[in-house]
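The values are calculated or read from the model by the stated rules, or taken from the named source; none is laboratory data. These numbers were taken from a predicted model, which means no experiment stands behind them. Neighbour counts are summed over all protein chains in view; Cβ atoms, including those assigned to glycine, are modelled from backbone coordinates with ideal geometry. Side chains included, ligands, DNA and RNA excluded: accessible areas come from the protein's heavy atoms. Shrake-Rupley method; radii C 1.70, N 1.55, O 1.52, S 1.80 Å.
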Amino acid sequence: MPPRPVITLTTDFGEGSRYVAAMKGVILSINPEALVVDITHSVPPQDVLAGARVLADATRWYAPGSIHVAVIDPGVGTAREIVYSEFDGRGYVCPDNGLLTNLADHRKPHKMVAVENAELWLPRVSATFHGRDIMAPVAAHLSLGVPPDRLGPRRCEPLSLPTKQAIAVAAPAAGDDPSREEGRVGQRIEGEVVEVDSFGNLITNISEEMLQACPRDASVTIRCDEHETFGIYQTYGEQPAMTLVALVGSGGALELAIVDDSAKIMLGVGVGAPVAVSW
């Protein structure tokens, strides 16, 4: 038996949304053999960059040939394009509004076309629900073997939104002003919280690569807003309950957690909170 084609959905519709059910109905009415997988429907409303992080982090675990539909689309119905792109053999159907920012970081898609062939859409298209009427049927047709070139004309690269990068601060010589060198690991790294996961853990934009020269013992200080902790651990369980702990999470970025509780609630901070690592 050939494997069932996999189509994933990522939206800001909210868990249990009937809009998600409508998209699934469209996909399955065109290809009943499709395996439709929910990545998440809890992307913060209209937060395109949050959706871009989810796509880049979650879809890399799916096999080549999978199709990924993302609908975080505050510009629905406007002149923004819908595109199909391929990265590492995986297909993406989404608005060209920055949702591919993290996937397209430092590289271009292997293939990218505009989704303009209305023969592959539903007969009637709502101006406010392109996820159901355009993206869902297009993904279903692709899963049946329709070649991407039938969707529309070629495009070169997707729209990318500016993202805030963590920076390393070089250790100043005596009497000198500190100098900042982007991407260079020094004695201080400055970043911020870019995501709060479902456990309330604070995920930062400080990558594991930036921490390579950083010690992991109590000589390193991690400060988030007005809160401090010492040392970078491997697991949450290395510290007692209700302790603020820093560790590199499964996504390869520094995160801050309250053991057995929510760091977001206990610290009263969220996305955008400054984070500094110093040693």
Worksheet, complete the sentence: Rounded to the nearest 10, the angle in degrees between the Cα long axis of helix 48-58 and the longest principal axis of the Cα atoms of the chain comes to 90
Item to complete: For Cα extents along the principal axes in Å, several values are listed as (1) 47, 46, 29; (2) 68, 40, 38; (3) 54, 48, 29; flag the one computed from this structure.
Response: (2)
Worksheet entry | Per residue solvent-accessible surface (Å²) - the chain, probe of 1.4 Å | 50
Worksheet item: Once the dipole of the chain is set up with Lys and Arg at +1 and Asp and Glu at -1 on Cβ about the Cα centre, which of V194, A263, G51 lies farthest towards its positive end?
Response: G51
Discussion item. How many angstrom lie between the Cα centre of segment 221-279 and the Cα centre of segment 24-51?
Written reply: 31
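About its Cα centre, how strong a charge dipole does the chain have in debye, to the nearest 20, once Lys and Arg get +1 and Asp and Glu get -1 at the Cβ?
1020
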Worksheet item: What list of ³J(HN,Hα) couplings, whole Hz, do you get for segment 190-207 from phi and the Karplus terms 6.51, -1.76, 1.60, once you set θ to phi - 60° and write x for glycine and proline?
Response: 10, x, 7, 6, 10, 7, 10, 7, 5, 8, x, 6, 9, 9, 9, 9, 8, 7
Practice prompt. Compute the relative contact order of the chain as a whole-number percentage, counting only Cα pairs closer than 8 Å that sit 6 or more residues apart in sequence.
Written response: 14
Fill in: Solution diffusion estimate, µm²/s, Stokes-Einstein, segment 40-137, Kirkwood Rh from C-alpha pairs, 20 °C, viscosity 1.002 mPa s
156
Worksheet entry | D261 long-range amide H proximity, modeled H, under 5 Å | M242
Worksheet entry | 14 Å reach of a label modelled at E228, 7 Å along Cα-to-Cβ, counting backbone N of segment 243-279 | 276-279
Worksheet item: With all protein chains present, how much of the accessible area of the chain (probe radius 1.4 Å) comes from carbon and sulfur, to the nearest whole percent?
Response: 52
Worksheet item: In Å and whole numbers, how far do the C-alpha atoms of segment 3-76 stretch along each principal axis, longest first?
Response: 33, 27, 20
